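Contents: one structure, followed by commentary.
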Amino acid sequence: MNDRDYQEKLAAEGDLWGRVAEEQAGQVPPDWRYHRALRHNVVVHAGDIDALLSRVKPGMAVLELGCASGWLTLAMAQRGAAAHGMDISDRAIAVGRAYYESIRDAVPGTVTYSVADLNALDLPAVTYDVIVAKGVLHHLVRLEHVIDQIFTALKPGGLFWISDTLGDESLSTTLVAGALTLVLPTQVSYREKLRGLVRFGRHAPERVKASIQADGLSPFEGAGRDQDWIELVTRRFVIEQTQRKPAVTGYVTAQLALPDRIAIPLLRALARLDRWLVRLGALHSTGVVVVARKPA
């Protein structure tokens, strides 16, 4: 990819996530106190994020890479940290700044934001107690450079928290996810689903796999999927915890067209079964949460 193509893709990436941030902020303020109640967080992510926030203490310097509208950056400041968020989208950053300014007197810590191309990251050395990367590593083309920068920027003993996907979806996961979304009510009508099944035939699992992986969602979606970021992190950091997420529940959660009073108990039950099947090896989960620490 030449520089002109890269810059065009970068601009398109920022524009897309800016629109997403603005649309989401029109529905839910960019604040964990509100985002925590969203269905996908209730079912899949809240426990991991709450555990991360419990590690953030007053006076810490923390950094979030790929912060979008900044709700997680803000949540760390609400724990008393000096929090900084970086994102490629100036529009997403504008959403975060505007919301922070509207509530800053009630925030015990501080928040700053900056627009940055994470592939060209240049962080100050030995600065942060915690660095967070949620759902961003699989978008990066210079992943090894980014992880080296994170290592340099963390203080000795500093924490690197990652929640992301790793690798391609397996056939078993694709088939189970496809079957569940076929039989459960989703935003797609049963008639349209059956038509799609007939139309794509034996290629239907490939379509489901592409949907799960959000292939083509953004210009850099999956750009770092062929890089083993856990291996790169393990080279530099001490891994304290590796946790596999449910394999299919997150995808089903995004598709399910039922009211929360019905959907959430159903999805919680599915998540328990899903995690059990992942532990048994019957399903393969690409979703991983890693807690790593820079050696003291």
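Sorted largest first, the principal axis extents computed over the alpha-carbon atoms of segment 1-113 equal 43, 30, 26 Å.
I'd like the orientation of helix 171-183 relative to the chain: the angle between its Cα long axis and the longest Cα principal axis, in ° from 0 to 90, rounded to 10. That works out to roughly 70 degrees.
Based on the reciprocal of the average 1/r between different C-alpha atoms, the Kirkwood radius for segment 10-67 equals 13.4 Å. Taking all Cα-Cα distances within the chain, those exceeding 37 Å account for 14%. Taking the C-alpha atoms only, the angle from helix 260-280 to the longest principal axis of the chain is near 90 degrees.
Between the C-alpha center of segment 252-296 and that of segment 156-214 there is a gap of 13 Å. Using R0 = 25 Å, the C-beta based FRET efficiency linking GLU22 and SER189 works out to 0.30. Rounded to the nearest 0.05, the FRET efficiency derived from the C-beta distance between ASP117 and ALA257 at R0 = 30 Å is 0.20.
Put simply, segment 69-161 fits an ellipsoid with semi-axes of 23, 17, 10 Å; these come from the alpha carbon gyration tensor as the roots of five times its eigenvalues, largest first.
Lysines within cross-link reach of LYS155: Cα-Cα under 18 Å, excluding same-chain residues under 8 positions apart? Straight-distance partners of LYS155: LYS57, LYS294.
Taking a point 7 Å out from the Cα of GLU8 in the direction of its Cβ, the residues of segment 211-227 whose backbone N falls within less than 15 Å of it are 219-220. The GNM of the chain, with springs linking C-alpha atoms under 10 angstrom apart, assigns the highest mean-square fluctuation among VAL115, VAL62, VAL188 to VAL188.
If the segment from ARG279 to THR152 were pulled out straight at 0.36 nm per residue, it would be longer than the present Cα-Cα gap by 42.3 nm. Placing dummy labels 7 Å off each Cα toward the beta-carbon, the span from THR110 to ALA214 is 3.2 nm.
Over segment 194-296, the hull volume per residue, using the convex hull of the C-alpha atoms, is 165 Å³.
Sequence neighbours fewer than 8 away in the same chain don't count; with that in mind, list the lysines whose C-alpha is under 30 Å from LYS193. LYS193 reaches LYS209, LYS245. The angle between the Cα long axis of helix 143-153 and the main principal axis of the chain comes to about 30°, on a 0 to 90 degree scale.
Per residue, the chain reaches -14500 deg cm²/dmol at 222 nm when only DSSP H runs of four or more residues are counted, each adding -39500 (n - 2.57). Based on alpha-carbon atoms, the Kirkwood radius and the radius of gyration of segment 49-122 give Rg/Rh equal to 0.96. Between LEU154 and VAL126, THR127, TYR128, the built amide H atoms are under 5 Å apart, and every one of these is 5 or more places off in sequence or on another chain. Modelled spin-label separation between ALA179 and GLN241, with each label point placed 7 Å from Cα along the Cα-to-Cβ direction: 3.2 nm.
Readers should treat all values here as calculations from the given coordinates under stated rules, not as data from a laboratory. Computed from a prediction, not measured in an experiment: that's the story for all the values here. No Cβ is skipped: glycine too gets one built from the backbone with ideal geometry, and neighbour counts run over all protein chains shown.
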